[in-house]
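The values are calculated or read from the model by the stated rules, or taken from the named source; none is laboratory data. Bear in mind the structure is a predicted one, so any value in this text is a computation, not a measurement. When we count neighbours, we look across all protein chains shown, and the Cβ atoms used for this are built from the backbone with ideal geometry, even at glycine.
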Amino acid sequence: MRVEGKKHPKNYPFWKELIALLEEKGHLITQVGAEGEEELVVDTRFGLNSMDLYALTSQFDVFISVENFFPHFVHYNFKGKKPGIVLFGKSDPEIFGYPENKNLLKDKKYLRWDQFGPWEDTDFIEESFVSPEEVLACVESFGKVIEN
């Protein structure tokens with residue numbers, strides 16, 4: 001995901017490291033995303049329609065996602081009964097998070113001042129995200145994982 005040729009501020013910069021930790025622990029990972037995204041795992045599902053995305057998500061115990069469309073889709077379709085791990089960097093989980101999820105925010109100092117403004121005005125800051133080890137610690141209480 002990019003904003004006018006630069007890295008999008010919602011992009012989690014440590015996916016590869018996190019995936020390596022998850023695979024080392026024996027977790028099964030399916031990557032869901034948009035056409036054209038980098039394939040990070042063998043099982044990738046890009047460009048799914050909403051029915052196929054719902055069916056696939058039904059098969060997993062938990063998902064990992066940045067704060068984007070996906071956590072909202074899961075919350076709405078599963079009525080708050082499918083937990084996830086949502087990675088926040090610049091978005092405020094008190095506004096955009098859901099109580100069934102583990103909403104991971106490294107520090108409020110990284111939140112953008114205008115939570116509803118255009119993302120084009122926001123810079124990517126790698127250190128605004130929690131470490132892969134912190135995400136893995138949250139995963140440990142769950143089963144299979146879907147990564148988005």
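Kindly provide the set of residues from segment 107-119 that are part of a loop (DSSP other than H, G, I, E, B) and surrounded by fewer than 16 Cβ atoms within 10 Å (Cβ to Cβ), ordered by number. It would help to see each step written out before you state the result.
Taking segment 107-119 as the starting set, the residues that turn out to be part of a loop (DSSP other than H, G, I, E, B) are 107, 111-118.
Residues satisfying the conditions are ASP107, TRP113, ASP114, GLN115, PHE116, GLY117, PRO118.
Please determine, by comparing only the residues of segment 1-27 that are surrounded by 15 or more Cβ atoms within 10 Å (Cβ to Cβ) and over 15 Å from LEU87 (Cβ atoms), which one is modelled with the highest pLDDT.
Applying the filter and picking the extreme gives HIS27.
With respect to GLU100, is the statement that it is more than 11 Å from the chain's Cα centre (by Cα) and charged (D, E, K, R) true? Can you show your working first?
Working: more than 11 Å from the chain's Cα centre (by Cα): yes; charged (D, E, K, R): yes.
For GLU100, the condition - more than 11 Å from the chain's Cα centre (by Cα) and charged (D, E, K, R) - is met.
Quick check on this structure: which one of GLU17, GLU23 is outside any loop (DSSP other than H, G, I, E, B), among the acidic types (Asp, Glu) and without any contact (Cβ under 8 Å) to a residue 60 or more places away in the chain?
Matching residue, one of GLU17, GLU23: GLU23.
Could you run through segment 54-69 and say how many residues are touching a strand residue (DSSP E or B) at 6+ places or on another chain (Cβ under 7 Å) and under 28 Å from LYS106 (Cβ atoms)?
Of all residues in segment 54-69, those touching a strand residue (DSSP E or B) at 6+ places or on another chain (Cβ under 7 Å) come to 56-57, 60, 62-67.
From the residues that got through so far, the ones that are under 28 Å from LYS106 (Cβ atoms) too are 57, 60, 62-67.
Residues meeting the conditions: 8.
Of the conditions (1) farther than 24 Å from GLY36 by Cα; (2) buried (at least 18 other Cβ atoms within 10 Å of the Cβ); (3) aromatic (Phe, Trp, Tyr), PHE63 fails just one. Which one is it?
(1)
Would you confirm, using the coordinates I've provided, whether GLY33 is buried (at least 19 other Cβ atoms within 10 Å of the Cβ) and modelled with pLDDT under 95?
On the way: buried (at least 19 other Cβ atoms within 10 Å of the Cβ): yes; modelled with pLDDT under 95: yes.
When the stated conditions are applied, GLY33 passes them.
Between a first residue in segment 50-62 that is under 17 Å from VAL139 (Cα atoms) and a second residue that is part of a helix (DSSP H, G or I), which pairs have beta carbons less than 9 Å apart while being 6 or more apart in sequence or on different chains?
Correct list of pairs: THR57/PHE70; THR57/PHE73; THR57/VAL74; THR57/ASN77; THR57/PHE78; VAL62/CYS138; VAL62/VAL139.
Can you tell me how many residues in segment 26-63 are assigned to a strand (DSSP E or B) and of a type in the set (Ser, Thr, Tyr)? Reasoning before the result, please.
Within segment 26-63, the subset assigned to a strand (DSSP E or B) is 29-33, 44-46, 62-63.
Subset that is of a type in the set (Ser, Thr, Tyr): 30, 44.
Residues meeting the conditions: 2.
What is the residue count in segment 76-106 for residues that are without any contact (Cβ under 8 Å) to a residue 60 or more places away in the chain and part of a strand (DSSP E or B)?
Result for segment 76-106: 8.
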